[in-house]
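K.L.:
Quick one: the structure is below, questions incoming.
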Amino acid sequence: MHPPYIALYAADFLADVTTLGNTELGIYWRLLLVYYQTREPLPQDRDKLIRTAMAFTPEETRALDYVIEQYFTGGVFGPDNRRVYRHARADREIAKATGRWEAAHSRGVVAGLASGESRRLRSQREKAAKRLATHSKEQWLALVEFCGNKCVRCGAEGRVEKDHIVPIYQGGSHGLDNVQPLCAVCNTSKGPERKDYRPDGWIDYVEHKLNTSSTNQNYNQNQKKPLGEVSPKTPLVEQARRILAHLNEKSGRNYRPGKVNLDLICNRLKEASEAECMAVVDCKARAWRYDAEMCDYLRPATLFNATKFAQYLGEIPNATDETVR
C-alpha cells in the first residue's frame, strides 16, 4: 500500500489559479486532494463528481464545470476502461512518488521503518559485531563524558547516539574502540565513512575513570576484581599483555594492562596473529620513536585502532609468524 502523498509547489500552484475565484479555488483544491488521496482520476459520472466536489448549489456546480474544463481532460482508466477526468500534473507527480516509494521498498525501507527482512539482517549483523567485541555502559558513559557530552563530528550538544566507526555491515565490531558519540543527524548522514572523530586521550581517560570508580566501589573489598581490570585467564588476554609489554619496551612508555588497552589489542587478535601485532609495533616504533611529531602516536589507541590497524598491517612486507625485529 502506497503512503498518502501530495506534491505542492506553491509558486506553480498560485500561477495556475490566478483566474479562479474563491469558490472555484475551493472546488479545485478539493478535487486535487481527492485525486492524490485515491491516486486515481476523477469519475465523469455527473452525480459522483458533484458529490466528490461537494458542489450542491447552482453557483458551485457552475464553478465545478469551469474547473473541469480548465484543468482536466477526458480519458479512460482501469481494466474496465471507465470514463474519467485526468490531471496531467497530478499524474506525473503520483508516478514519480510511486517510483521513489517502490525503490525505497525494494531496499527494505519504507518511511524510515525497516522491513522484516532488513530487521532480521540488522539483528544478525549486530550479533556478529558483539561476538567480535563489546563494551560496558560505564565505558560508553566515560567516553561520552570525555567527548564533552556532544557530537564529536559537528559539535552539537544534547542527545548522542552510538556510531560504529567501521560500520557493522562492513564487519565492524561493537567494541569501545569502534564506537563514537554522534548526533542523530551526523549518524544518519555519514554513510560508509570510517573517520574516527574522537579526540586524542580518550582511552587514558576511560581507563582512569573506570579504575577510579572501581576503587571507590570496592574500598575494603579487595577480593573483588576492579571494574577496569581484565581477567588474566584467557589466552587472548595473555597474548595482549605480551604485546602491550612489547609496545612499552619499544616506545619507552608504561601503558597499563587495563581493560581498555587490553580490549583494543584483543579485538585485533581476532583479526591477526600475535606475531603480526608485534610486527606492527616494531614497524611503527622504527618509523616514529625518534620523530618528534609522531612519537606520541606510539600508543594502543593508535596502533590497535579498528580503522587503522589493517592499514598498518598492510604496510609490513611478508609478515610471518616470527616477530619482525
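The values are calculated or read from the model by the stated rules, or taken from the named source; none is laboratory data. What you are looking at is a predicted structure, and each value in this text was computed from that prediction instead of being measured. Note that each Cβ is placed from the backbone with ideal geometry, even for glycine, and that neighbours are counted across all protein chains shown.
K.L.:
Give the number of residues within the stretch 78-96 that are surrounded by fewer than 16 Cβ atoms within 10 Å (Cβ to Cβ) and not small (Gly, Ala, Ser).
P.N.:
So the answer is 9.
K.L.:
Residues of the stretch 155-176 being within 14 Å of the chain's Cα centre (by Cα) and either under 14 Å from Tyr197 (Cα atoms) or in a strand (DSSP E or B) (or both), which ones?
P.N.:
Val160, Glu161, Lys162, Asp163, His164, Ile165, Val166, listed by residue number.
K.L.:
Show the residue pairs that are 6+ apart or on different chains and have beta-carbon atoms under 8 Å apart, the first residue being within the stretch 284-295 and assigned by TED's automatic domain parsing to the domain that holds His246, the second being basic (Lys, Arg) and assigned to a helix (DSSP H, G or I).
P.N.:
These pairs meet every condition: Ala285/Lys250; Arg289/Lys250.
K.L.:
Something else now. Can Arg153 be described as surrounded by 19 or more Cβ atoms within 10 Å (Cβ to Cβ) and without any contact (Cβ under 8 Å) to a residue 60 or more places away in the chain?
P.N.:
In short, yes.
Let's see how each residue does on (1) more than 42 Å from the chain's Cα centre (by Cα); (2) of a type in the set (Phe, Trp, Tyr); (3) under 30 Å from Arg119 (Cα atoms):
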site	(1), (2), (3)
Ala11	no, no, no
Leu25	yes, no, no
Asp45	yes, no, no
Lys48	yes, no, no
Tyr66	yes, yes, no
Gly75	yes, no, no
Val84	yes, no, no
Thr98	no, no, yes
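K.L.:
I've got another one for you. If we keep just the residues of the stretch 192-213 that are in a helix (DSSP H, G or I) and surrounded by fewer than 18 Cβ atoms within 10 Å (Cβ to Cβ), which is modelled with the lowest pLDDT?
P.N.:
Step by step, filter the stretch 192-213, then rank; the result is Ser213.
K.L.:
For the stretch 108-134, enumerate the residues that are surrounded by fewer than 11 Cβ atoms within 10 Å (Cβ to Cβ) and either of a type in the set (Val, Ile, Thr) or modelled with pLDDT under 60 (or both).
P.N.:
The answer is Ala111, Gly112, Leu113.
K.L.:
Restricting to the stretch 18-61, give me the number of residues that are more than 14 Å from His87 (Cα to Cα) and without any contact (Cβ under 8 Å) to a residue 40 or more places away in the chain.
P.N.:
Total meeting the criteria: 21.
K.L.:
Return yes or no: is Thr307 within 15 Å of Ala133 (Cβ to Cβ), surrounded by fewer than 20 Cβ atoms within 10 Å (Cβ to Cβ), assigned by TED's automatic domain parsing to the domain that holds Gln239 and among the polar types (S, T, N, Q)?
P.N.:
Yes, satisfied.
K.L.:
Here is a further query. Inside the stretch 248-304, can you point out the residues that are touching a helix residue (DSSP H, G or I) at 6+ places or on another chain (Cβ under 8 Å), in a helix (DSSP H, G or I), of a type in the set (D, E, K, R) and modelled with pLDDT of 85 or more?
P.N.:
Across the stretch 248-304, the qualifying residues are Lys250, Asp263, Arg268, Glu274, Glu276, Asp282, Lys284.
K.L.:
What's the total number of residues in the stretch 34-53 that are over 13 Å from Ile68 (Cα atoms), modelled with pLDDT of 90 or more and surrounded by fewer than 12 Cβ atoms within 10 Å (Cβ to Cβ)?
P.N.:
Number of matching residues: 2.
K.L.:
Which residue, of Val67, Val76, Val84, is free of Cβ contacts under 8 Å to residues at least 40 places away in the same chain and more than 30 Å from Arg120 (Cα to Cα)?
P.N.:
Val76
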